[in-house]
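First up is the structure itself, then whatever we jot down about it.
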Amino acid sequence: MSSLTQIHVADAVQALSRARLKNYRTFFGAVDDRAAYGLYCWNDAISASLSRALAFTEIALRNQFHAALSARYGEGAASSRDWYAHLCLNPKSTSLIQKITHERRRVSGAYEQIPRSPAPSPDDVVSKLSFGFWPHVLDISFDNDNCPLDWPAMLMEIVPGHRHSSLAFWSRPRNRDNLFARIDFCKDLRNRIAHLEPVWKAGPLMTEGRARVERKIRVEHSAPANPAEALARLQIAYERVLELLKWLSPSLGEVYMASEAHHCFESLNRIAALNAYKRHGGHRRIAALNLNAYHSLRRLKKELRGIGRHHGAAEVRNGGRPLARWIPVL
């Protein structure tokens, strides 16, 4: 059995830095180190559940783009071609591709980009491209033969689960801009988590779209000013991620909704979860629970409820043999 002492908390806060935890004190009203550290652990837990949804979405996104573009451009297997070598990419996108397909070598006193040998497969190239590469694929207008890309037809394949998906719908640049904005939003959220930023801390939420001469982007929601608003903003962000996932693959979206990560997010994105982490410092005391000691299910349930109320967990044993670890969601 482990315990969390004030010395442990003080050392943890020192390691993380008080400056890093200052926002948790001021925004959530944490009155001491234990509460601030607990809220930091809550942010870590909810970020982890969000990152699972983002990971599924990122993989589905690149696979959908890869399949639709491979069906029309490039050389190789029908389902995996080097389409990126046959389209007019912008300079930044070209550079991202060449970091994977080429290596920098000194030739005759000057550095040049030399194709790698053997060349990486299209699947390898696509798997190494960052999330930020994909929204800008929508900006590609022509292939290397100066023929326009048929985005309406391709987007019907890329996001088959979109409720308005049709050739007419995707023919409108405004609708493609909205899709760009959604992908870009998910990319920014993913990067925020990857860079260990507080996921609950957000600025104004803008309407989805891209600023154009004929279109202004306005503020849809102001920056969260209290814990309830921060949780509401997290819910909006999560729903945007899930909606994009379901657009890309309705089946994968449904499977994800049944996952542990989804249920974990729903449990954590509540005031009750914030208060539990604040109260218990993000720490669980592990209790040994021997099934042989309980002669009725009622007594076992009572014991588990007591452990849960104290933010604990249990190592379930049968005799001396460990069977499982029981961890309440809060």
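Every number here is computed from the coordinates shown, using simple stated rules; none is lab data. Computed from a predicted model, the values in this text were never measured in an experiment. Cβ sites come from the backbone with ideal geometry, for glycine too, and all protein chains shown count toward neighbours.
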Next on the checklist: Run the reach check for Lys99 against lysines, Cα to Cα strictly under 28 Å, same-chain hits fewer than 8 apart removed. What comes back?
Outcome noted: Lys128, Lys187
Checklist entry - Per-residue ellipticity at 222 nm for the chain, helices alone: DSSP H runs ≥ 4 residues times -39500 (n - 2.57), over residue total, nearest 500 deg cm²/dmol? => result -17000 deg cm²/dmol
Checklist outcome for this item: Ranked from fewest to most other Cβ atoms within 10 Å of their own Cβ, Thr207, Thr101 fall in the order Thr207, Thr101
Checklist entry - Taking +1 at the Cβ of each Lys and Arg and -1 at the Cβ of each Asp and Glu, which of Ser166, His195, Ile286 sits farthest along the dipole of region 162-302 towards its positive end, judged by Cα position relative to the Cα centre? => result Ile286
Checklist outcome for this item: Most exposed first, judged by fewest Cβ atoms within 10 angstrom, His280, His102 run His102, His280
Checklist entry - Listed highest first by mean packing, meaning other Cβ atoms within 10 Å per residue, what order do 92-98, 191-197, 49-55 come in? => result 49-55, 92-98, 191-197
Checklist outcome for this item: Rounded to the nearest 5, the percent of antiparallel DSSP beta bridges in region 284-326 equals 50
Checklist entry - For all pairs of alpha-carbon atoms in the chain, what percent lies in each bin of width 10 Å, listed from the first bin to the last filled one? => result 5, 20, 24, 21, 16, 11, 3, 0, 0
Checklist outcome for this item: Charge dipole of the chain built from unit charges on the beta carbon (Lys, Arg +1; Asp, Glu -1), centred at mean Cα; most positive-end Cα among Leu50, Ser259, Ala313 is Ala313
Checklist entry - With +1 on each Lys and Arg Cβ and -1 on each Asp and Glu Cβ, how big is the dipole of the chain about its Cα centre, in debye rounded to the nearest 20? => result 1440
Checklist entry - Of Lys246/Lys278; Lys246/Lys301; Lys22/Lys246; Lys201/Lys246, which sit over 30 Å apart, Cα to Cα? => result Lys246/Lys278; Lys246/Lys301; Lys22/Lys246
Checklist outcome for this item: Listed with the fewest Cβ neighbours within 10 Å leading, Lys201, Lys187 appear as Lys201, Lys187
Item to check | Stokes-Einstein translational diffusion, region 284-326 - Kirkwood Rh over all Cα pairs, 1.306 mPa s, 10 °C, in µm²/s | outcome: 153
Next on the checklist: Can you give the Rg/Rh ratio of region 1-151, where Rg is from the C-alpha atoms and Rh is the Kirkwood radius?
Outcome noted: 1.22
Next on the checklist: Distance between the C-alpha centers of region 60-113 and region 250-314? Whole Å please.
Outcome noted: 46
